[in-house]
Every structure is written in C-alpha cells, then in structure tokens.
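Notes to accompany the following structure.
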Amino acid sequence: MREREEVFDHFITAVINTLNADEIYDAAIEALQDILQPDGLLLMMNQNTHHVFSVIRKCGSIACTKSYSVPTDSMLQELKDSPNLIMLNDTGKHILDLLTPRQRNWLNAEHITAIYTLKYNQVIIGFLYLAAHDGQDFAPEELRYLEKICYYSSYALRNANLYQNAYRASITDDLTSLYNRKHAFECIDHVCQHQKPSTLIVLDIDDFKLYNELYGAQESDNLIHRFAQVILQEISSKDIGFRFGADEFLILKAGTDIAANV
C-alpha cells in the first residue's frame, strides 16, 4: 500500500508542477506501469481534431495498428455516456459489438482487457488501452489508482492545453498567423545567448503607406495577409517568420550560408 501511495504522490507532484503535456504523459504512464504492471499500455489522444486520435505513448507488448486501434463513431458515442473504465471481459462486452471484426481481432490479439476513456467535461480527449496476457483482472485497489491517475491526468492535460493555446496566441500575429514582434525578440535573444549561427532576413513592403492611403485599411490588410502567406509558403519547417511591424517582416534561418538562405 505504502509503495503504491508513494508512486501516486510522485505522480501528483510531477503533474501539478508542469504545464508541459509530454511531461504529464510521461508521469502518468510511469505511474501506471509501476502500480498496475500491465503487459502493455497504449495511450491515444485527440489532437484538437474531430474524432482523430493519435498514439501519444506506447509501452510493453501492444502493437499499434492505427486503423484498428482508433474507435468507431458508434463506439465513441457509446463511451461518451458510459463509465470511464470499461472491462472488456466483464461489463464492457457490449462495446465489442460496436467494433469492426478487424478491431475485435486486434483487441484479442493484443490481449487488451480494459479501455479507459479520458474525458474532460464529458468530452472524450483520449483512450488508454491496457493489456494483460495472463487474462487476470486488475485488483480493485489497482483500478482505484488507475481511475485517480487518469482523472488527474485529464485535468492536467486540459490545463496544459489551455496554457499552450494562450501562449501561442500571445506570440502570434492575428492577421498573418506569423509570430509577432515580442516573439521575434525572444527568438533572437535565444540564438544570441546560445551562440547559434543564424541568418536574419529583414523584409518590408515598398510604399505601403501610400498603398494604404489610396486603397484603405481593408485592402492594406489583404496585402499584408497575402505577403505573409508567401513567406509561410517559401520558408522551411526549420525557419521562423515574424511580422515585426505594420509592413515589416523578419525571417530567422539556421546557419550563415547566405547563398542558401536568401
């Protein structure tokens, strides 16, 4: 009892001291492994898209086949109004009827005996599949810890998501979806402090003030937006684009090869 309680206390300490989703995932999976000692765990989360779940963490023997491990729409609807923890060899047998034959075969082949639905305000945000090859049920005490860890993880992940959304909004220019002036200074300070070789490209729109006077604010905003889209299309995934002023833009590129960076 004491050892499991220590594991749980360590988990709680970890998740209340971070707003990083990856750290929350790691803490939850580590605690569940220590307490439940399952043969396998598979965590799938909704990545801010409609009914699209991605594998976030996997441990043990579960082999993930995306088309089989993603729940059907009918299963999602059933789980939304069901208890969070579904034991497939007991009260959750009816869930199997909502799956395709291949999905049922996948559950059997991977010896998945339980599914925990992670919810926040009755919205499904993820699934945790648990495998036990010996077919033995988890002890009631183990299931209580499972419930608590998943419950606190759901709220911690929601807080982390709210923080990330707020932070992303604070560093993004609304009109262009480029990063803003504030984040430009942060990124430039970062590469200077770490002495990373970089190239900074400064761009502006010629005669923008005159364009604004001739065509008005709406057309000027359209021009700014089109210009930003060109930047986003042309830069690589390693480059960072910023709107630095009304008609001023920056591109921060790794390396100092001028020919390659221009």
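Between Gln229 and Cys64, the FRET efficiency from the beta-carbon distance, with R0 = 35 Å, is close to 0.45. With helices defined as uninterrupted DSSP H runs, which ones in the chain have an alpha carbon span along their own long axis of at least 24 Å and mean Kyte-Doolittle hydropathy of at least -0.5? Span-like helices in the chain: 217-234. Label-to-label distance, Thr256 versus Leu200, with points set 7 angstrom from Cα along the beta-carbon direction: 1.5 nm.
Farthest towards the positive end of the charge dipole of the chain, among the residues Ile251, Pro71, Thr176, is the Cα of Pro71, using unit charges on the Cβ of Lys, Arg, Asp and Glu.
For Ser61, the amide hydrogen comes within under 5 Å of the amide hydrogens of Gly40, Leu41, counting only partners 5 or more places away or on other chains and with H modelled in the peptide plane. Taking a straight Cα-Cα cut-off under 25 Å and skipping sequence neighbours fewer than 8 places away in the same chain, the lysines within cross-link reach of Lys253 are Lys182, Lys196, Lys238.
Computed FRET efficiency, Cβ-Cβ of Ala246 and Gln164, R0 22 Å: what is it to the nearest 0.05? Mind dumping the intermediate values first?
Details: r = 28 Å, r/R0 = 1.28.
With R0 = 22 Å, the Cβ-Cβ based efficiency is 0.20.
Annotation: amide H-H contacts under 5 Å for Thr172 (H modelled 1.01 Å from N, sequence separation of 5 or more, or interchain): Asn180. Between Leu200, Leu32, Leu96, the Gaussian network model of the chain with springs among Cα atoms under 10 angstrom shows the greatest mean-square fluctuation at Leu200. Candidate cross-link partners of Lys93 among the lysines, defined by an alpha-carbon separation under 19 Å and a same-chain spacing of 8 or more, comprise Lys80. Within region 23-41, list the residues whose amide N lies under 14 Å from a label point set 7 Å along Cα→Cβ of Lys148. Inside the label zone: 31-32, 35-36.
So what's the back-of-envelope 222 nm ellipticity for the chain, counting only DSSP H runs of four-plus at -39500 (n - 2.57) apiece and dividing by all residues, rounded to 500? Don't skip to the answer; put the middle values down first.
Numbers: 11 runs with 130 residues, N = 262.
So the helix-based figure for the chain works out to -15500 deg cm²/dmol.
Can you match percent of Cα pairs over 35 Å apart to one of these, [x] 60; [y] 11; [z] 39, based on a calculation from the structure here? Matching entry in [x] 60; [y] 11; [z] 39: [z].
Projecting label points 7 angstrom from Cα along Cα→Cβ for Ser177 and Tyr120 puts them 2.3 nm apart. Between Asp73 and Ser237, the C-beta separation translates, for a Förster distance of 22 Å, into a calculated FRET efficiency of about 0.10. Summary of the geometry: region 181-219 and region 95-110, compared by the centres of their Cα atoms, lie 53 Å apart.
Considering only alpha-carbon pairs that sit under 8 angstrom and 6 or more positions apart, the relative contact order computed for region 160-262 is 37 percent.
With a/c under 1.5 counting as rounded, go ahead and sort region 1-43 into rounded, prolate or oblate using the C-alpha gyration tensor (a ≥ b ≥ c being the square roots of the eigenvalues; past the cut-off, prolate if a/b is larger than b/c, else oblate).
Numbers: a/c = 4.46, a/b = 1.16, b/c = 3.83.
The shape class here is oblate.
No lab work stands behind these numbers, since they all come straight from the coordinates. These numbers were taken from a predicted model, which means no experiment stands behind them. Backbone-built Cβ (ideal geometry, glycine too); neighbour counts: all protein chains shown.
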